[in-house]
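Since the structure comes first, as structure tokens, the remarks are kept for the end.
The values are calculated or read from the model by the stated rules, or taken from the named source; none is laboratory data. Remember, predicted model here, so these are calculated numbers, not experimental data. Neighbour counts are summed over all protein chains in view; Cβ atoms, including those assigned to glycine, are modelled from backbone coordinates with ideal geometry. When the accessible area is computed, the model is the full protein with side chains, heavy atoms only, and any ligands, DNA or RNA have been set aside. Shrake-Rupley method; radii C 1.70, N 1.55, O 1.52, S 1.80 Å.
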Amino acid sequence: MSHSTIKVDDFIERLFKIHKHVQDEGLAQSVFLGINRSDYMFDFSEDGTTSLKQIEINTIAASFGGLSSRTPAVHQHVLKTLGKTEEASKILPNNPSHGIARGIAKAWELYGSEKAVVMFLVETTQRNIFDHRYIENELWDRNIRVIRRRLRDVLERGSLNADKALIVDGYEVAVAYFRTGYMPQDYEDKDWEARLLMERSKAVKCPDVATQLVGTKKVQQELSRPLTLEKFLLDRREATARIRETFAGLYTLDIGEEGDKTVEIAIANPDQFVLKPQREGGGNNIYGEEIKEVLEKVKDSIERTSFILMDKIRPRPLKNCLLKAGGQIQISECISELGMFGVYVRQGKQVVMNEGVGHLLRTKATEHEDGGVAAGVAVLDNPYLV
């Protein structure tokens, strides 16, 4: 993580301080659980070739694993009622909630206490609750108790015992699964104490703070540098090359010659890029002329290091019909984004589980540059194989 990014981004700085605190104190956690979603779009280049390019990787609260487990049945039903049974059979089966729950259950099992619970960390008002429920119900079916708590509840009624077990409302917590905590507005000032308390415990955090930091745009940009991936995938040249092919151009805005050059090219050609802050949750990116305005303002200050610049991916629009709550059905020019869910579990240095568990397709009308399903812009969809 770049020191300049930490300096100018209070949210990243607070996460990093917790990480440092736990490193200095000594890690109590020995089982690690990752529930990630890597998002891609098809890029159509001028010579007519297409390639899958990574938009970002989500390492905290990666959503829609539950609801996307049900969308195949919705589209199959619609096609069957239209008498299109053959087309219905081409909708891919998809059940990320099963794989996600399997990962949580494995981490719970390795924690090693049958009485311990899985705690979902949630917001006070949870708009996406049904997405959680699919995963919750899979856990109840495995006889694993689930509790739902806010960061504030952990602060007020949580503690660590002598073994650094996390106790909340009398329950020992085996897995703390974050479905909140990825944006500054998720925390009131005191809530940071709850985050530190959990991080110091031996409970399996999904994610732990280090994994959350790995999901930042700055780390994504640093990983795209020549010979960086190779440090992590030793002697795996083919795998490294395949991963690198999915990277769009990513450019640093750190202070110095390289960052100055990035500012220059972005101001000269704003339509070719996206300016991204270190934020999750959609609706944060900056496009077009606004890139120029923002960079003109911050180009000579350290503020610019809170962003990275990325090549704009150019998907080919297709006509589609979007159905939204209370909205008119209309045919729109649409683009789609494909998310691939991955789950890994490790105990100490041993990887116990590491697999893809399903996909998510989100589609939106081309008039919306940014924003996803939660922002009311995109809808859940299914890939149709031809």
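Per the helix-only calculation at 222 nm, which mean residue ellipticity applies to the chain, given -39500 (n - 2.57) for every DSSP H run of n ≥ 4 and division by its residues, nearest 500 deg cm²/dmol?
Calculated mean residue ellipticity at 222 nm is -10000 deg cm²/dmol.
Let a ≥ b ≥ c be the square roots of the eigenvalues of the Cα gyration tensor of the range 164-310; is it rounded (a/c under 1.5), or, if not, prolate (a/b larger than b/c) or oblate?
Verdict is oblate for the range 164-310.
Once label points are set 7 Å from the Cα along Cα→Cβ at both Glu222 and Asn143, what is their separation, rounded to one decimal in nm?
It works out to 4.5 nm between the two label points.
Can you sort His132, His21 by 1.4 Å-probe accessible area, starting with the largest?
Values: His132 0, His21 75 Å².
These residues rank, largest area first, as His21, His132.
If you find the alpha carbon centre of the range 1-68 and of the range 70-132, how far apart are they in angstrom?
22 Å
What part of the accessible area of the chain, given as a whole %, is carbon or sulfur when the probe is 1.4 angstrom?
Using a 1.4 Å probe with all protein chains present, the chain comes out at 51 percent carbon and sulfur.
Between Asp300 and His21, what is the spin-label point distance in nm, taking each point 7 Å from the Cα along the Cα→C-beta axis?
If labels sit at Asp300 and His21, their model points lie 3.9 nm apart.
Sort Phe130, Phe16 from largest to smallest accessible area, using a 1.4 Å probe on the heavy atoms of the protein chains.
Largest to smallest exposure gives the sequence Phe130, Phe16.
Counting only heavy atoms of protein chains, what accessible area per residue, in Å², does the range 168-326 have with a probe of 1.4 Å? Could the numbers behind the result be given before it?
Details: 8040 Å² over 159 residues.
Here the per-residue accessible area is 51 Å².
Once ligands and nucleic acids are excluded and a 1.4 Å probe is used, how much of Lys17 is accessible, expressed in Å² to the nearest 10?
Per-residue accessible area (Lys17): approximately 130 Å².
Can you compute the modelled spin-label distance between Ser113 and Arg242, with each label point 7 Å from Cα toward Cβ, in nm?
If labels sit at Ser113 and Arg242, their model points lie 4.1 nm apart.
Which lysines, if any, have their Cα less than 21 Å from the Cα of Lys20, not counting same-chain residues under 8 positions apart?
Lys7, Lys164, Lys190, Lys202, Lys205, Lys217, Lys218, Lys349
I'd like the accessible area for Cys334: 1.4 Å probe, protein heavy atoms, all chains in place, Å² to the nearest 10.
About 10 Å², ignoring ligands and nucleic acids.
Please give the per residue accessible area of the range 41-99, computed with a probe of 1.4 Å over protein heavy atoms only, in Å².
I get 53 Å² per residue for this part.
Please list Leu27, Leu15 from largest to smallest accessible area, probe radius 1.4 Å, with all protein chains kept in place.
Final ranking, largest accessible area leading: Leu27, Leu15.
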